[in-house]
Amino acid sequence: MYHLEHDRPIVQKYGGTSVGSLERIDEVAKRVADQYHSGIKKIAIVVSAMSGETNRLVDLVNGINPRTSPRNYDMVVAAGEQVSVALMSAALEKHGIPSKAFLGYQLGIVTDNFHSKARIQKIECAKLHKCWEEDAIPVVAGFQGVTGDLEITTLGRGGSDTSAVALAVALDAAFCEINTDVDGVFTADPRIVPEARLVKEMDFEVALEMASLGSKVLHSRCVELGAKYHMPIVVRNTFKPNDHARTFIMNFSNERKLEAPIVSGVTLDRNVVRLSLHNLPARGGIIGAAFQLIAENGVNVDIIVHNRSNDSDRMRVGFTIGSADLLRTKELLERWVIEKKLGAYVEVEEGLSKVSVVGLGMQSHPGVASRVFSVLEDAGIALHMISTSEIKISCVIGEKEGESAARALHKEFVLPEGEA
Ligand code: ASP
Ligand code: MG
C-alpha cells in the first residue's frame with residue numbers, strides 16, 4: 001500500500017512541532033530534498049504554523065476583544081501559516097529544489113463561510129501541476145481557505161491535517177502522510193496511560209471515533225475525508241525518518257473487521273461542558289427550536305439527555321458541547337429563553353471530561369457496556385452521562401477522575417502487544 005503507482009503524487013503534511021524552529025524546518029527540507037533527488041518529485045507539502053504560534057495569535061485576538069467578529073479572528077489566526085510555508089519553501093530552495101509557497105486563497109482552497117470551523121468545498125490543483133511540470137515542490141498553507149467572496153477562513157484548531165487529506169483527495173494522491181511529533185496513533189495518550197502502545201493498522205471507522213472523541217493525533221474531519229474518499233492516511237514521526245513505527249489508517253475488509261479487537265483505544269476529552277435548559281414548557285417544537293438555534297450558530301452538540309416527569313408540564317434538556325463554544329452558546333440560549341418568554345433558565349456545569357472506549361469488535365461482543373460501568377464503579381467514579389454507538393461507549397465523568405478512568409479502562413480492555 002505504501003508505494004507509488006502511476007505517477008500519482010503524494011501529500012506530506014508537517015505539523016507545528018515539525019516546523020517549530022529554523023533547524024527543524026531545515027531538517028524537513030533536507031529530508032524532502034533526499035526524496036526529490038532519489039526521484040520522488042511529485043510531492044505536495046502542507047505545513048502548520050510553527051508550534052505555539054497559533055496559540056499566540058489566538059491569545060492576541062482574544063486579548064483585544066474576545067467577542068470580535070469571526071472574520072477578524074480568522075484573519076489573525078490564519079497568519080501563522082503564512083510564515084511557515086514561505087520559510088519551508090525558502091529552505092527547499094537552499095537545498096537546491098525549486099519551490100513555491102501558496103496560501104489558501106492563492107491556490108484556491110475554497111471553503112464555506114463558517115468562520116473558524118469552515119469546511120473545504122473545492123481545491124484548485126492547476127498551480128500544483130504547473131509546479132511539478134517545472135520540477136518544483138509546492139508548499140501549501142494548512143488550516144486556511146477562502147470563501148467565494150474572498151474572505152479568509154480557518155478550518156478549526158488542528159485543521160492542517162484536514163487541509164492535507166483534502167488536498168490528497170483533490171489530487172488523487174497515492175496516500176497522505178501526516179508527519180508529526182509522535183510515532184502514530186496509540187491505544188491511548190501515552191502521557192496519561194504509560195502502557196499505551198502504537199496501533200499499526202487502524203480502520204477508518206475506529207480512527208474517526210478516536211479522533212472525534214479527543215485523541216489529539218488527527219483532526220476528525222481529516223479522517224472523515226479519508227474514509228469517504230478511500231484516501232489512505234499514514235501517520236508517522238518526523239524526527240525518526242528511518243523508523244518503521246507508523247500507523248496506517250485504511251478501510252479494513254469485512255474479514256479484517258471480524259478479527260478486530262473489542263477495544264482498539266481509550267480516549268479522554270477534557271474540554272467538555274454541560275449546558276442544561278431547566279423548566280422548559282413541555283410542548284411540541286421547543287426542543288427542535290433550541291437545537292436548531294444552536295446548529296445555525298455552528299456549535300456541535302454531543303450527548304443529549306432529556307427528562308420530563310409524567311405529571312409535569314415542564315421539562316429539562318441537558319447536552320454537552322466543547323468548552324470553546326460555551327460562552328457563545330450560553331448567551332444565545334439565554335437570549336432565546338427571554339425573547340420567547342419560556343420561563344426557563346440555563347445552567348452550566350464545567351469540570352467534566354469524557355472517557356470513551358472504541359473498537360470494531362464491540363459489535364460482535366455483548367457485555368462491553370456492563371464491563372465499562374463496573375470498572376468505573378470499582379474505581380469509585382460517578383457517571384454523569386452515557387452515550388453509545390455500535391463501536392464506542394462514552395461516559396461523562398468529573399474532570400479530576402478522567403485520567404484514572406482512562407488508565408483503568410485501558411487496563412481492562414487493551415491487550416498488551418503480542419497478545420492483541
Ligand atoms: N496551526 C493550526 C493550529 O495550531 C492548525 C494546525 O496546526 O493544524 O491549530
Ligand atoms: Mg495537529
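The values are calculated or read from the model by the stated rules, or taken from the named source; none is laboratory data. All of these numbers come straight from a predicted model, not from anything done at the bench. We place every Cβ from the backbone using ideal geometry, glycine too, and count neighbours over all the protein chains shown. The protein model used for the area step is the full one, side chains on, heavy atoms only, and it has no ligands, DNA or RNA in it. Shrake-Rupley method; radii C 1.70, N 1.55, O 1.52, S 1.80 Å.
Structure values in brief
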| item | result |
| --- | --- |
| Size of segment 270-385 as Cα extents on the principal axes (Å, biggest first) | 48, 36, 28 |
| Cα centroid separation - segment 58-117 against segment 327-402, whole Å | 35 |
| Stretch gain in nm, segment GLU339-GLN106, where the contour uses 0.36 nm per residue and the Cα spacing is subtracted | 79.5 nm |
| Label point 7 Å beyond Cα of LEU293 along Cβ direction - residues of segment 329-373 with amide nitrogen under 14 Å | 329-347 |
| Under 22 Å from the Cα of LYS130 - lysines, other chains or at least 8 residues apart | LYS13, LYS41, LYS42, LYS94, LYS100, LYS122 |
| Gain upon complete extension [LEU258, GLU93; 0.36 nm per residue less C-alpha separation] | 54.5 nm |
| Value of Rg to Rh for segment 2-149 (Rh from inverse mean 1/r over Cα pairs, i.e. Kirkwood) | 1.00 |
| Tail weight of P(r) past 28 Å, computed on alpha-carbon pairs of the chain, percent | 53 |
| Förster-model FRET efficiency, 45 Å R0, LYS130 and ARG191, C-beta, rounded to 0.05 | 0.55 |
| Heavy-atom accessible surface of segment 228-304: percent carbon and sulfur, 1.4 Å | 49 |
| With every protein chain in place, segment 123-200: carbon and sulfur % of accessible area (1.4 Å) | 51 |
| Taking the C-alpha atoms of segment 184-267, convex hull volume expressed per residue in Å³ | 102 |
| Where labels lie 7 Å past Cα in the beta-carbon direction, separation of ALA379 and SER404 in nm | 0.9 |
| Å² per residue, accessible surface of the chain at 1.4 Å | 47 |
| Whole-number D in µm² s⁻¹ for segment 152-202, Kirkwood Cα-pair radius fed into Stokes-Einstein, 25 °C, 0.890 mPa s | 187 |
| Across LYS216/LYS411; LYS117/LYS400; LYS30/LYS117; LYS330/LYS354, pairs whose alpha-carbon gap is larger than 24 Å | LYS117/LYS400; LYS30/LYS117 |
